[in-house]
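The values are calculated or read from the model by the stated rules, or taken from the named source; none is laboratory data. Worth saying up front: this structure is predicted, and the values here are computed from it rather than measured. Because the Cβ atoms are built from the backbone with ideal geometry, glycine has one as well, and the counts that use them run over all protein chains shown.
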Amino acid sequence: MNGQRRVTNARVVRSLDILARQVLPFCGSVVGGFAAPAVPSLSPTNIFAPVSTPAQSIFDLSRFVLMVTGSIFVVVFGLLAYAVVKFRKKRASDGREPAQVYGSMQVELAWTVIPILIVVALFLAAARVIASIQNASPPRNAVEVTVIGHQFWWEYRYPSLNVVTANELHIPVSDTEHPAPTFLTLLSADTDHSFWVPRLAGKTDLIPNHPNSMWVDPHETGLYLGQCAQYCGTQHAKMLLRVYVDSREDFDRWIQEQSGPARVSAAASEGQTIFERTACINCHTVAGTVANGRFGPDLTHLMSRDTIASGAAPNTPENLRRWIQDPGTIKPGSKMPAMGLSGPDLMAVTSYLETLH
Amino acid sequence: MSAPSVTMPEADTRWNLPARGPAGMYCLIAAEAAIFTIFVVAYIFYIGKSVSGPQPHDVLRVPVFLTICLLSSSLTIHFAVKLLSKGRVISFALWWLLTVALGAVFLAGTVREWRHLIHDEGLTIQTNLFGTTYYSLVGLHAFHVTVGLLALVTVLIFTLLGNVRREHTQRAEVLSMYWHFVDVVWVVVFIVVYVVGR
Amino acid sequence: MSTQSIAWAKTEVSRRPLVEKLHEWVTTVDHKRLGILYILYALLFLAFGGVEATIIRIQLIRPHNGFVSPQVFNRMFTMHGTTMIFFVAMPILFGFANYLIPLMIGARDMAFPRLNAFSFWMTAFGGLLLYFSFVGGDGLYGAGNAPDVGWFAYAPLTAQTFSRGHSTDFWILSLLVSGFGSVGTAINIIATILCMRCKGMTLGKMPLLVWLNLTMAGLVVLAVSPLTAAQLMLLVDRYLGGHFFDTQAGGSAVIWMHFFWVFGHPEVYVLVIPAFAFASEIIPVFSRKAIFGYPVMVAATICIGFIGMSVWAHHMFTVGMSSAANTFFVLSTMAIAVPTGIKIFNWLATMWGGQIDFKTPMLFCAAFLFQFLVAGLTGVMMSVAPFDWQLGNSYFVVAHFHYVILGGIFFTLFAAFYYWFPKMSGRMYNETLGKLHFWLFLIGFHLTFDFMHIPGILGMPRRIYTYEPGRGWDIWNLIVTVGVFFQAAGVLVFIGNLLWSYWRGKVAGSDPWDAWTLDWSTPSPPPTYNFVTIPEVRSRRPLWDLKHPEDPDWQYE
């Protein structure tokens, strides 16, 4: 019937030992190689293609984590697969039950202690990176930006540089010899949002009455994409992020242009009058004019932006006109109402806005 | 066809498991304790955070008398159950009635305190964070006192109708466990709201 | 070598009118009937939740798709999540617990049969209330007044200012109502297990399913209440002018998150622990071996229960907690991986050296082991807070938790269905259809949820009704959507199998699997009173002792 009831544990422990010494390093290198830097062209928002220190620290940490979890996976998966094949019921079974093994304290100890050790290693690695990213304080030459999340657009203020803009963030490039990080203070005017540009840093939430901060120091110029990563309402999906990392000269020039008042153009005076007479000025600011609303994006230098509606559409005259006529055609659920302007009024206002370089 | 059973050679005839009523009531108390914990945490978190309006030390008067009433009612209900276990139904009814009376005094006093706060001090649940958390926490407790009182009154009515006897002791005890819980919650609320929070 | 089937004498019984039969079901307090009501109710809502998921996936099959408006989409993902957690997973697991626990401990019913019925109907009405929201407001095409704040309803999106109308109120009230039902059931389970075990069944001799449901019930008692409290606070804010989560008045949006996740994290253990319970009963029987390491399995489960109450803020790594707080929650979250891993190893060790019979229940359990391993490992990845700063709130998280819930919980649920269907109905299901269900569902599950990790890594956040082309997400979303149809096909085969087998399946007898716990000692289906005489047990596997009198368990443990 049933012979020995207690299987010796020694055989099991020996197999585990062989596994640990020979198989694990092999697994680790395979998985580590797999998680090697992915080509950025795979996606402009690939978390494994960092260009800034926080994203890089996370990436380095993640390779270690993937190596560890990948090894665990290979080992346990292998054992499961082996068990599923090796211990199938044989066709010619004689109805006898296999040896009943109730347990083994040594084995239980082994597969408790080893995971605990792995946990300790992972924990220490994580704790280090948490401290290095969260406890960094801005050096004196850091660019400081206040980001205010709105439903469904981003407000950017550079308090010491006297610049207010929206939806397209410009920051200077940084390098290890002359670090020029940008520190972002994150606030919200309404609900919760989250700032996520994967190639620059992990995401940090914008929560009303709960200021947060994060920093980036990209070492490659270019345009980096992202979007809001905390559900904030109807148009959460189109609250896109565009971060332009400029060379020092380009950044300084941009600041220069953005800090000035709006250009005055005689040709667009009719449109400007309509703009200022209509409810537009309740929500929008155009520096140097009577428009000083804060509910919607600052339009002073609207034409310096590549997109409108927080990245939802390219900044073309046609799109601008469509947007003003009825934002719902581009972003249904946006907080801007359809202005109900007549044909000629609409053309005039659009022409006016197109002079705001 | 009988169900399979294996009788042990040296059969141990003692098989005592806890009673269902108290077990269920302990679980209910645990669940209610968890709810109160969240309200207490909210209260503590928001201490000092109201941006405007009356503050605790301005308007709260420590309800010493009410507290004595409520805590005494724990004592009276304990006596009542003891008496019922001895079969002295009439004495049980008297102490039970006293418990109800003390509880009712507590509720009446709470109503009075709230009237004072609302009409004289202008503190409502809408006024500020203090108002919101105060009325919610104290109100949740008062709600539990009310429910408890309704149950106690029901038992009182059954007693007056002659339907409560010695064999119902465990049920009365289960109800008294709830009542003791309500008192313990009051001790916590008292300390948090009237001592620490002020 | 199975116990004899019970032969019933044929008697003439006149057919009762349908109304009377329905009345009996509606007023029943019998744990078996309530269990079946819970299960059927959950299957109905599974269909609703599945339709919602399908709508979501069709909308996301390509960028800038116009299948549904953003308003409808946001209602779909809110309703899908709320439905699946509260009106599918919880009821179905309560249903099995209700059915099996008294049978496994040798009792005639649960401790409080009327509370049992009350709890079921509270849950049922909660679900109906939630779905009534579809027909309010704009009507069904606009998805009416269904909630659209996400299943965790973060403040201040749920304030009156941002959530006009009553959509959020439907969410609050339906969950409040069903929450009372959940706590009622949990109280019942605890009291039943502690107070009604048959003679000889000490706590150390209960089947693992009973231990695990005891732990689950303890978690429900402690964890559902915080949700109730938070929802009461939200009602105070919305209707009494309170300021609990009113950031303009100094209130905190983060405190809602804390309160919600203090509920929300133990909730996922409430869901997964009963799934472990099924695996712990099914794997031994089909491997023909006792469970390896019973005491360790119990200890690990209790550890999971305790530690599970201390990890909640790993859902909040991105909200800006201090580095100290973040570090603490990294540690507690990783700690819980240890007892969880121990359980996987013990199941593996149970299979090791056995004679595994891959009938449909075992197929699903085997897949569960592989999938739960993956799900646990992606969880470990996200427990590393900095990694979570990238992966959090993205499709990687969505893939992870669906891997746990579908790949882990649902697979063991299907296993449990096939395993106990003979006991509940008296008939065997069709094995070929069962295997067909398994393979269809397996393919669909992996198509959808393996590939879903990739958009997360490539930067795709969750809860977006559309996405931009050129981010590299398109192909993966397409594959993910295709998998849905395989899963749907699998579920249809499953339902068809259950229906067909109920009327046409082979008679099962009381013990078709040659199993070892008391539930297999009754006729199939069991009579209302469960046992003619209450049994007396001496070991963890009373039927093994009966079948192997020369070699009973109680001589060894």
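In table form, for the structure just shown:
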quantity: Tally, over the stretch C:515-537, of residues that are touching a strand residue (DSSP E or B) at 6+ places or on another chain (Cβ under 9 Å) and among the charged types (D, E, K, R); calculated: 1
quantity: Qualifying residue in the stretch C:250-260 (condition: within 20 Å of the chain's Cα centre (by Cα) and in a helix (DSSP H, G or I)); calculated: yes
quantity: All positions within the stretch C:469-485 that are in contact with a Lys or Arg (Cβ under 9 Å, 6 or more places away or on another chain) and assigned to a loop (DSSP other than H, G, I, E, B); calculated: C:469
quantity: Scan of the stretch B:42-67 for residues that are assigned to a helix (DSSP H, G or I) and either more than 8 Å from every other protein chain (Cβ to nearest Cβ) or surrounded by fewer than 18 Cβ atoms within 10 Å (Cβ to Cβ) (or both), ordered by number; calculated: B:43, B:44, B:45, B:56, B:57, B:58, B:59, B:64, B:65, B:66, B:67
quantity: Residue that is modelled with pLDDT of 95 or more, over 17 Å from the mean Cα position of the chain (by Cα) and more than 14 Å from chain A (Cβ to nearest Cβ), where the choices are C:85, C:58; calculated: C:58
quantity: Residue in the stretch A:338-348 that is polar (S, T, N, Q) and more than 28 Å from residue C:468 (Cβ to Cβ) present; calculated: yes
quantity: Residue in the stretch A:215-230 that is of a type outside the set (A, V, I, L, M), assigned to a strand (DSSP E or B), over 21 Å from residue A:59 (Cα atoms) and within 13 Å of the chain's Cα centre (by Cα) present; calculated: no
quantity: Failed condition for residue C:474, given (1) among the charged types (D, E, K, R); (2) under 26 Å from the mean Cα position of the chain (by Cα); (3) over 27 Å from residue C:365 (Cβ atoms); calculated: (2)
quantity: The stretch C:469-503, subset away from chain A (no Cβ under 14 Å) and among the polar types (S, T, N, Q), residue farthest from residue C:454 (Cα to Cα); calculated: C:501
quantity: Boolean, residue C:45 is assigned to a helix (DSSP H, G or I) and out of contact with any Lys or Arg (no Cβ under 6 Å at 6 or more places or on another chain); calculated: yes
quantity: Unmet criterion (only one of (1) within 8 Å of chain C (Cβ to nearest Cβ); (2) more than 17 Å from the chain's Cα centre (by Cα); (3) modelled with pLDDT of 95 or more) for residue B:34; calculated: (2)
quantity: Extreme residue, nearest to the other protein chains (Cβ to nearest Cβ), among residues of the stretch A:94-110 that are crowded, with 19+ Cβ neighbours inside 10 Å and in a helix (DSSP H, G or I); calculated: A:108
quantity: Given (1) over 21 Å from the mean Cα position of the chain (by Cα); (2) within 30 Å of residue C:357 (Cβ to Cβ); (3) among the polar types (S, T, N, Q), index of the condition residue C:394 fails; calculated: (2)
quantity: Qualifying position, being crowded, with 18+ Cβ neighbours inside 10 Å, modelled with pLDDT of 95 or more and β-branched (Val, Ile, Thr), among C:493, C:482; calculated: C:493
quantity: Positions within the stretch C:359-393 being facing chain A (nearest Cβ under 7 Å) and over 16 Å from residue A:71 (Cα atoms), in sequence order; calculated: C:366, C:369, C:384, C:385, C:386, C:387, C:389, C:390, C:392, C:393
quantity: Count - residues of the stretch C:316-328 that are buried (at least 22 other Cβ atoms within 10 Å of the Cβ) and not polar (S, T, N, Q); calculated: 2
quantity: Extreme residue, farthest from residue A:133 (Cα to Cα), among residues of the stretch A:204-238 that are within 8 Å of chain C (Cβ to nearest Cβ) and of a type in the set (A, V, I, L, M); calculated: A:237
quantity: Condition check for residue A:159: touching a residue at least 24 places away in the same chain (Cβ under 8 Å), in contact with a Ser or Thr (Cβ under 8 Å, 6 or more places away or on another chain) and of a type outside the set (Asp, Glu); calculated: no
quantity: Close pairs (9 angstrom Cβ cut-off, 6 or more residues apart or separate chains): of a type in the set (Asp, Glu) in the stretch C:467-491, crowded, with 19+ Cβ neighbours inside 10 Å and in a helix (DSSP H, G or I) anywhere; calculated: C:468/A:238
quantity: Filter result for residue C:103 (within 14 Å of another protein chain (Cβ to nearest Cβ) and part of a helix (DSSP H, G or I)); calculated: yes
quantity: Qualifying positions in the stretch C:219-236 - more than 8 Å from every other protein chain (Cβ to nearest Cβ) and either of a type outside the set (Val, Ile, Thr) or not in a helix (DSSP H, G or I) (or both); calculated: C:219, C:227, C:231, C:234, C:235
quantity: Residue among A:346, A:299, A:320 that is on the phi < 0 side of the Ramachandran plot, part of a loop (DSSP other than H, G, I, E, B) and of a type in the set (A, V, I, L, M); calculated: A:299
quantity: Residue list for the stretch A:199-221, filter: charged (D, E, K, R) and farther than 14 Å from residue C:392 by Cβ; calculated: A:199, A:217, A:220
quantity: Selected residue (only one of A:119, A:75, A:68, A:85 is in a helix (DSSP H, G or I), within 7 Å of chain C (Cβ to nearest Cβ) and not charged (D, E, K, R)); calculated: A:119
quantity: Neighbours by Cβ (under 7 Å, 6+ apart or cross-chain): first from the stretch C:315-328, at the interface with chain A (Cβ under 9 Å from one of its Cβ atoms); second in a loop (DSSP other than H, G, I, E, B) and basic (Lys, Arg); calculated: C:318/A:203
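Yes/no per residue for (1) under 21 Å from the mean Cα position of the chain (by Cα); (2) under 30 Å from residue C:535 (Cβ atoms); (3) more than 14 Å from chain B (Cβ to nearest Cβ); (4) touching a residue at least 60 places away in the same chain (Cβ under 8 Å):
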residue: C:77; (1), (2), (3), (4): yes, no, yes, yes
residue: C:91; (1), (2), (3), (4): yes, yes, yes, no
residue: C:123; (1), (2), (3), (4): yes, no, yes, yes
residue: C:132; (1), (2), (3), (4): no, no, yes, no
residue: C:160; (1), (2), (3), (4): no, no, no, yes
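So that you can scan it fast, the table gives a plain yes or no per residue for (1) under 23 Å from residue B:47 (Cβ atoms); (2) free of Cβ contacts under 8 Å to residues at least 40 places away in the same chain; (3) not in a helix (DSSP H, G or I):
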position: B:84; (1), (2), (3): no, no, no
position: B:94; (1), (2), (3): no, yes, no
position: B:99; (1), (2), (3): no, no, no
position: B:103; (1), (2), (3): no, no, no
position: B:114; (1), (2), (3): yes, yes, no
position: B:164; (1), (2), (3): no, no, yes
position: B:172; (1), (2), (3): no, no, no
